[in-house]
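Have a look at the structure below before the remarks.
The values are calculated or read from the model by the stated rules, or taken from the named source; none is laboratory data. These figures come from a predicted structure and were not determined experimentally. Glycine gets a Cβ as well: all are built from the backbone with ideal geometry, and neighbour counts include every protein chain shown. Surface areas here come from the heavy atoms of the whole protein model, side chains and all, with no ligands, DNA or RNA. Shrake-Rupley method; radii C 1.70, N 1.55, O 1.52, S 1.80 Å.
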Amino acid sequence: MWPNLDKAICKTAENIAKPIIAEQIPKYKIDSVEFEKLTLGTLPPTFQGMKVYVTEEKELIMEPFIKWAGNPNITIAAKAFGLKATVQLVDLQVFASPRITLKPLVPSFPCFAKIYVSLMEKPHVDFGLKLVGADLMSIPGLYRFVQEIVKDQVANMYLWPKTLEVQIMDPTK
């Protein structure tokens, strides 16, 4: 199932990221920012356990513990002032405890209208970055600084009670 999930997740991520990037790049005098390659790789995440909560609402709440040491190939190219720079994400590791809520539950497939995702604690995120092939994380002090910024930004966006909401189907139909 992972190869299909990889394609679906990457397509969704790209569709979410493109308008955000398009809105931001004029502020920085950048001509374009594009994904050159976007795949999460061949190694799927593993689930190390799961809590499921029963509620009186029309919902299903799950809290899996996810570990992922992936081999993604995510390369982004930025063009500005006639120059092109590529940044590649390598050696990604993520350990996270998301809360996944499926609601409302409905009587037609896939049996829920929306997915809500939030993090129950700050995730562990570790990765490398290459700029035009050079390992950026080997610069003294940069590794820890970038890692903490990423953890803090992800936590600011998705740490409970903040959520990412994905509509699957119209709940009225």
Query raised in the report: Roughly how tilted is helix 2-24, in degrees to the nearest 10 and between 0 and 90, from the longest Cα axis of the chain?
Result: 60
Report task. Enter the Cα centre distance for the pair segment 75-122 and segment 139-173, rounded to the nearest angstrom. Result -> 8
**Report entry** ³J(HN,Hα) computed for each position of segment 52-61 - Karplus, 6.51 cos²θ - 1.76 cosθ + 1.60, integer Hz, glycine/proline x
**Finding:** 10, 10, 9, 10, 8, 8, 8, 7, 10, 10
Requested in this report: With the full set of protein chains in place, find how many percent of the accessible area of segment 43-173 is carbon and sulfur; take the probe as 1.4 Å.
Outcome: 63
Report task. Please work out the average accessible area per residue across segment 1-167, using the 1.4 Å probe convention, and give it in Å². Result -> 66
Query raised in the report: Per-residue accessible area for Leu129 at 1.4 Å probe radius, Å² rounded to 10?
Result: 40
**Report entry** Amide H within-cut-off set for Asp31, under 5 Å, with H built and near neighbours excluded
**Finding:** Lys79, Ala80, Phe81
Report summary line: Among GluC sites (Glu not before Pro) in segment 54-120, those in a DSSP loop whose Cβ has at most 11 other Cβ atoms within 10 Å are Glu56, Glu57
**Report entry** Hydrodynamic radius (Kirkwood) for segment 1-57, which is based on Cα pairs only, to one decimal in Å
**Finding:** 14.6
Requested in this report: Would you kindly derive the ³J(HN,Hα) couplings of segment 40-50 from the backbone phi angles with the Karplus curve 6.51 cos²θ - 1.76 cosθ + 1.60 (θ = phi - 60°), listing them in order in whole Hz, with x for Gly and Pro?
Outcome: 8, x, 9, 9, x, x, 10, 9, 9, x, 8
Query - Whole-angstrom Cα spans of segment 1-138 along principal axes, big to small - result: 58, 30, 27
Requested in this report: Of the listed pairs Lys18/Lys162; Lys29/Lys162; Lys27/Lys162; Lys79/Lys162; Lys58/Lys122; Lys103/Lys151, which have alpha-carbon separations greater than 25 Å here?
Outcome: Lys29/Lys162; Lys27/Lys162; Lys79/Lys162; Lys58/Lys122; Lys103/Lys151
Query raised in the report: Which value in deg cm²/dmol, rounded to the nearest 500, describes the helix-derived mean residue ellipticity at 222 nm for the chain, given -39,500 (n - 2.57) per DSSP H run of n ≥ 4 and division by the residue count?
Result: -8000 deg cm²/dmol
Requested in this report: May I have the pair-distance distribution P(r) for segment 70-173, computed from all Cα-Cα distances with 10 Å bins from 0 and rounded to whole percent?
Outcome: 13, 29, 28, 20, 9, 1
